[in-house]
Structures are given as structure tokens and as C-alpha cells.
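Below: one structure, written as C-alpha cells.
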Amino acid sequence: MEKFKGLLQVCKTKAIKAFPEQQIYFRSNGNVRFVRLTPLTQMAGMAGFIVLFGGVTVAGVTAAVRHYELSQREERVEALEGDITALASRIESRQQLLLDLMNRHLGPEEPEDAAAAEEAPLLAAASVSPSGEPVLPGATDVSAELQRYRSFEQQQLALIRSASLAAETRIKETEAVLKRLGISTHKLVGQSPVNLPQTGLGRTGLGGPFVKVGLGKDGKPFSGAFQAPFRSLIASWNKLDSLERASLSIPSLIPVKSYHRSSSFGYRHDPFTGGGAFHTGVDLAGTYGEPVVAAAGGVVTRAEYWGAYGKMVEIDHGRGLVTRYGHMSAIKAKPGQRVAPGTVIGQMGSTGRSTGTHLHYEVRFDDRALNPLPFLKAAADLQEIQSRALGAQVPQRAAKAQG
């Protein structure tokens with residue numbers, strides 16, 4: 001206790017020395033007055049000044065910090081506004097391109113994600129004022145809006161991948177059909193087509209204005225995370241497009257309406273000698289005079305009486321594919337004539353090396369005889385593939401093979 005009193009006395013002594021008693025004199029009307037300022041009064045005044053100065057300083061600093069925070073927030077809002085405007089523009093551009101591409105390539109078979117993605121342009125237009133400027137109440141709202149648009153981009157990315165998967169699935173299905181027919185996909189696509197009457201597609205059948213789609217620069221609709229998936233999508237669609245266009249050369253119609261198969265393709269007992277022989281086609285027996293139609297579009301390369309074939313028509317369908325129609329009673333086509341699928345080219349008969357009324361139907365690829373039966377059985381599948389290539393239904397005839 002004594003030590004505390006001593007310490008207190010030392011402090012009091014130092015305070016008196018630092019703040020000695022002051023007297024302030026006033027003279028008024030010949031009278032002199034004074035005010036005495038004790039050390040305690042001076043210390044209280046100093047403390048009050050310090051408190052006041054500190055308060056003003058803290059208030060000033062707080063106001064400066066608040067102003068800085070507000071300016072930073074405004075800058076963030078402006079930056080987010082720019083991000084949203086650019087993002088909404090990319091979403092709109094990308095969506096239009098995607099829908100155009102899908103309608104052209106996939107038609108009604110577009111992926112399930114397409115319906116959800118179609119909402120993106122409408123959603124991208126949300127929270128926009130009549131003047132076209134985004135309505136942005138604050139940074140939090142802007143951030144939420146930006147996240148919404150980014151989620152739309154993820155939907156579009158999923159749509160692209162889904163469309164790629166749909167294209168790859170159709171490629172595999174088409175290649176499986178061609179494999180059953182004994183046709184090499186690579187050879188079929190690589191060979192030249194003829195100018196098919198039903199489409200006009202041939203060596204000069206493609207064209208249109210060049211419209212470049214941005215793939216690699218900032219601001220383009222398919223840059224960044226979209227670049228690789230979109231390139232993959234375009235590659236798949238190009239492959240599918242080439243494959244389906246090439247399918248237009250494949251015989252897909254059954255050449256006669258009513259028939260029963262009287263002889264198959266391959267080795268058999270020759271009907272004249274009884275010995276072993278190789279039959280290069282199938283015999284479709286039916287009614288004398290039954291119309292015979294072209295199984296695919298092409299150019300008539302032969303229409304005459306030709307040895308064992310009797311009255312025969314040969315059609316070049318392009319891409320290495322040729323069909324022959326033999327033993328007919330009448331020929332209704334001329335060499336050099338361009339025929340569409342289903343065009344009547346003759347009538348069933350029994351001319352040439354024949355034992356009765358029937359049509360010898362032959363399919364050749366790269367000058368090699370193929371079994372026509374898989375073509376007859378795959379008629380419906382082939383017509384579906386060709387209808388997609390044409391963008392409309394091709395003429396239908398006997399979707400199901402007999403025999």
C-alpha cells in the first residue's frame with residue numbers, strides 16, 4: 001500500500017511539473033480579473049481534446065474507407081454488367097447456330113436437352129430493361145444473374161455433347177446397315193456419285209454462301225470450353241452427312257411389287273445343265289408383264305437384249321454401285337437416261353436363258369456381284385437413311401421384303 005501511495009505521489013509530482021498552475025488575466029473597464037487553471041483542469045482539457053480529435057479522425061477514416069468500398073463495389077458491378085452483356089450475347093449467338101445446325105442435321109430427332117436449351121435465349125433476355133440495358137439492383141444480384149447465365153452455358157455444352165452422341169449413334173447404325181450389305185463404308189464415300197435425279201446431288205450439287213463460324217477467338221460463340229466439343233460435333237455431323245449422302249446411291253427399293261423368290265444368290269444347281277454354277281443375283285418370280293422399277297436413282301448404261309440376260313437394263317447408281325434387271329419381256333428405258341428411284345424401266349418376262357417368268361435382279365459393287373437379298377430385307381432401313389439425307393421422305397415402295 002505504501003508503494004502504491006509512493007507511486008501515486010511521483011505521478012502527481014510529474015503531472016504538476018508538466019502542467020504547472022496557469023493564471024489567465026482579463027482587463028475590463030479598469031478592473032483586472034484572472035482565471036486559474038490548475039494542473040488537474042489542464043489534464044482534463046487535454047484528455048477531452050485528445051478524445052475529440054481521435055473521434056474526428058476515426059470518423060474521417062471510416063468515411064474514406066466506406067467511400068473506397070462503394071467505389072470498388074461500383075467497379076465490380078460495372079465489370080459484372082459487362083460480363084453479363086457479353087455472356088448473354090454469346091448465349092444468343094451460340095443458341096441460334098446450334099438450333100440451325102440441329103434442325104438441318106437432326107430434324108425431329110434432336111437430343112432431349114434441346115428443349116431445355118431452347119429456353120436459353122428467353123432466359124438471357126430476362127432482367128433487361130425496355131432500353132435493352134440489364135436491370136442490376138446490386139453486386140449480389142448481378143453475381144446471381146451471372147451465375148444463372150453460366151448455368152445456361154453448361155446446358156448448351158451438354159446439348160452439344162448430346163448432339164455429338166446422337167450423330168455418332170446414327171453413324172454406327174448406318175455403318176452397321178452397310179456392313180450387312182457387304183459394302184465398304186470407306187470405298188462407298190470415297191467414290192464419285194452420279195447426278196441423282198431426285199436430289200440433283202452430284203459433283204456440282206453442293207454450294208451456298210460461306211459463313212464463317214468463330215471457333216478460337218475471344219468473344220466468339222464457340223471459343224474457350226466450347227471449342228473442342230463443337231469441333232467434335234462438326235466432325236461427327238460432316239461424317240454423318242457424307243455417309244448419308246453416299247447412301248443415296250444404294251439400291252433401296254424392291255424392283256417388283258408382287259413376287260416370290262425362286263432362286264437365291266450364290267452356288268446352285270444350274271436349271272439347264274443340273275451341274276454346279278454360281279448365280280450372280282436373285283430370281284424374283286411373278287406375273288408376266290409386272291412393272292419393273294429402278295431400285296435407286298442413276299444413269300441407264302445398258303438397255304438391250306444382252307445374251308443370257310435376255311432383255312436387260314443396267315443402271316449405274318454412282319459410287320461403284322450398279323444394278324441389273326434381266327429376262328424382261330419389254331424394256332422401258334434408254335441408254336443415257338437418268339432415272340429416279342421407282343421409275344418403270346421394263347416389264348417382267350422370260351427372255352434369254354430362262355425357264356419361266358421371273359426377274360433376274362443383280363446388285364454389283366466395284367464390279368463384284370453382291371447378294372441382293374440383304375438389300376431387299378434392309379429396304380426400310382435404307383429408305384429411312386436416305387430420307388434423312390434428302391431432308392424429306394423418298395418415294396416408298398414395298399417396305400418389307402418377301403421370301
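Values in this text are rule-based calculations from the coordinates and carry no lab data. The shown structure was predicted, so the numbers you read here are calculated from the model rather than taken from an experiment. Every residue, glycine as well, gets a Cβ built from its backbone with ideal geometry; the counts of neighbours run over all protein chains shown.
The amide H of Ala330, built 1.01 Å from its N in the peptide plane, has Gln347 as neighbours under 5 Å, considering only residues 5 or more places off or on other chains. Within the shell of other residues whose beta carbon sits under 10 angstrom from the beta carbon of Pro335, the net charge comes to 0, with Lys and Arg scored +1 and Asp and Glu -1. For the stretch 47-52, putting each phi into the Karplus relation 6.51 cos²θ - 1.76 cosθ + 1.60 with θ = phi - 60° gives couplings of 5, x, 5, 4, 4, 5 Hz, in residue order, rounded to whole numbers and with x for Gly and Pro.
Summing Lys and Arg as +1 and Asp and Glu as -1 over all other residues whose Cβ lies under 11 Å from the Cβ of Ser354 gives a net charge of +1. Cross-link list Lys172/Lys377; Lys172/Lys257; Lys257/Lys334; Lys334/Lys377: which exceed 25 angstrom alpha carbon to alpha carbon? From the list (Lys172/Lys377; Lys172/Lys257; Lys257/Lys334; Lys334/Lys377), the Cα-Cα distance tops 25 Å for Lys172/Lys257; Lys334/Lys377. In plain terms, the residue of Tyr259, Tyr288 with the fewest other Cβ atoms within 10 Å comes first and the most crowded comes last, giving Tyr288, Tyr259. Summary of packing: across the peptides 376-387, 240-251, 316-327, the per-residue average of other C-beta atoms within 10 Å ranks them, highest first, as 316-327, 240-251, 376-387. Per the Cα gyration tensor, the stretch 277-403 maps to an equivalent ellipsoid with semi-axes of 23, 16, 15 Å, ordered largest to smallest. Other residues within the sphere of radius under 9 Å centred on the Cβ of Gly298, judged by their own Cβ, net out at 0 (K and R +1, D and E -1).
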